[in-house]
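A short write-up of the structure that comes next.
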Amino acid sequence: AQSVTQPDIHITVSEGASLELRCNYSYGATPYLFWYVQSPGQGLQLLLKYFSGDTLVQGIKGFEAEFKRSQSSFNLRKPSVHWSDAAEYFCAVGARGGGADGLTFGKGTHLIIQP
Amino acid sequence: KAGVTQTPRYLIKTRGQQVTLSCSPISGHRSVSWYQQTPGQGLQFLFEYFSETQRNKGNFPGRFSGRQFSNSRSEMNVSTLELGDSALYLCASSLAQGDNEQFFGPGTRLTVL
């Protein structure tokens, strides 16, 4: 079965500093990988996705993520965070061709931005 | 293009009651998936509907059910509510069955008293 681990429950970053959120997955083959963001009381917004090809993917709001097969990781990065980036971030994995389990999500990382 | 809409946004029910939640997918999307989000368990897959048929189901009891209509709108129903059913229920739409690129609605916050 597929699984996702986000090791950091909370991360605090100063505004303007760089950010990296960690994500490790377990899956038998090359999966589809996603990062979503959730603001309080809201649904999930897709930041970026990896299906195949270039392992460095660009997303919305200045975010990027790098797929590293050897490390089973898909870490999210941003060079300079803004106060509006404070939110909950979820990494997710999906089976190629669809699967019986839908998307499998990590537990999330709560991002706090210090002024 | 309008996004995924869910109604109602908030619900309060008591134990033993049943509830129906509604989801309208993005126009042209034919697959609808439902997820339950709780602080303890996180986001968990409930089921996926495509062409009015349930295609996949997560590990939830039979009290959780759903259906999809010919216009791709979907409803989920929870019968005999328990306190533990209190959660944010998220609907996601995608173009086709098994399409991993899912777009989420704002959710329905269900509180069971």
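For (1) assigned to a loop (DSSP other than H, G, I, E, B); (2) open to solvent by less than 80 Å² (accessible area, probe 1.4 Å); (3) within 28 Å of A:Lys107 (Cβ to Cβ), each residue gets a yes or a no:
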{"site": "B:Ala2", "(1), (2), (3)": "yes, yes, no"}
{"site": "B:Ile12", "(1), (2), (3)": "no, no, yes"}
{"site": "B:Gln17", "(1), (2), (3)": "yes, yes, no"}
{"site": "B:Leu21", "(1), (2), (3)": "no, yes, yes"}
{"site": "B:Ser27", "(1), (2), (3)": "yes, no, no"}
{"site": "B:Ser33", "(1), (2), (3)": "no, yes, yes"}
{"site": "B:Gln44", "(1), (2), (3)": "no, yes, yes"}
{"site": "B:Pro61", "(1), (2), (3)": "yes, yes, yes"}
{"site": "B:Arg67", "(1), (2), (3)": "no, no, no"}
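For A:Gly59, the requirement of being of a type outside the set (A, V, I, L, M, F, W, C), more than 23 Å from B:Thr38 (Cβ to Cβ) and modelled with pLDDT of 95 or more is met.
For first residues located in the range A:15-33 and at pLDDT 95 or above and charged (D, E, K, R), partners that are open to solvent by 40 Å² or more (accessible area, probe 1.4 Å) and part of a loop (DSSP other than H, G, I, E, B) and lie 6+ apart or on another chain with Cβ distances below 8 Å form the pairs A:Glu15/A:His82; A:Glu15/A:Pro115; A:Arg22/A:Pro7. Only one of the numbered conditions (1) more than 9 Å from every other protein chain (Cβ to nearest Cβ); (2) under 14 Å from the mean Cα position of the chain (by Cα) is violated by B:Ser51, and that is (2). Listed by position, the strands (runs of 3 or more DSSP E) inside the range A:22-115 whose residues that are surrounded by fewer than 16 Cβ atoms within 10 Å (Cβ to Cβ), away from every other protein chain (no Cβ under 11 Å) and out of contact with any Lys or Arg (no Cβ under 7 Å at 6 or more places or on another chain) number at least 2 are A:56-58, A:109-114. Looking across B:Thr108, B:Thr38, one residue alone is surrounded by fewer than 21 Cβ atoms within 10 Å (Cβ to Cβ), closer than 22 Å to A:Lys107 by Cα and within 14 Å of chain A (Cβ to nearest Cβ). It is B:Thr38.
Search the range B:1-48 for residues being more than 22 Å from A:Gly102 (Cβ to Cβ) and hydrophobic (A, V, I, L, M, F, W, C), and hand back the single one that is nearest to the chain's Cα centre (by Cα). Looking at the filtered set, the residue picked out is B:Leu11.
If the condition is being among the aromatic types (Phe, Trp, Tyr) and more than 10 Å from chain A (Cβ to nearest Cβ), then the range B:73-105 contributes only B:Tyr89.
Within the range B:55-72, not a single residue is of a type in the set (Ser, Thr, Tyr) and within 14 Å of chain A (Cβ to nearest Cβ). Taking the range A:44-89 as the range and being touching a strand residue (DSSP E or B) at 6+ places or on another chain (Cβ under 6 Å), over 24 Å from B:Val4 (Cβ atoms) and hydroxyl-bearing (Ser, Thr, Tyr) as the test, the residues that pass are A:Thr55, A:Ser72, A:Ser73.
Confirm whether B:Asn100 is closer than 24 Å to A:Gln42 by Cα, free of Cβ contacts under 8 Å to residues at least 60 places away in the same chain and part of a strand (DSSP E or B). Taking the combined requirement at face value, the residue does not satisfy it.
The values are calculated or read from the model by the stated rules, or taken from the named source; none is laboratory data. Just so it is clear, the model here is predicted, and its values are computed rather than measured. Using ideal geometry, Cβ is built from the backbone for each residue, glycine included, and neighbour counts are taken over all protein chains shown. When the accessible area is computed, the model is the full protein with side chains, heavy atoms only, and any ligands, DNA or RNA have been set aside. Shrake-Rupley method; radii C 1.70, N 1.55, O 1.52, S 1.80 Å.
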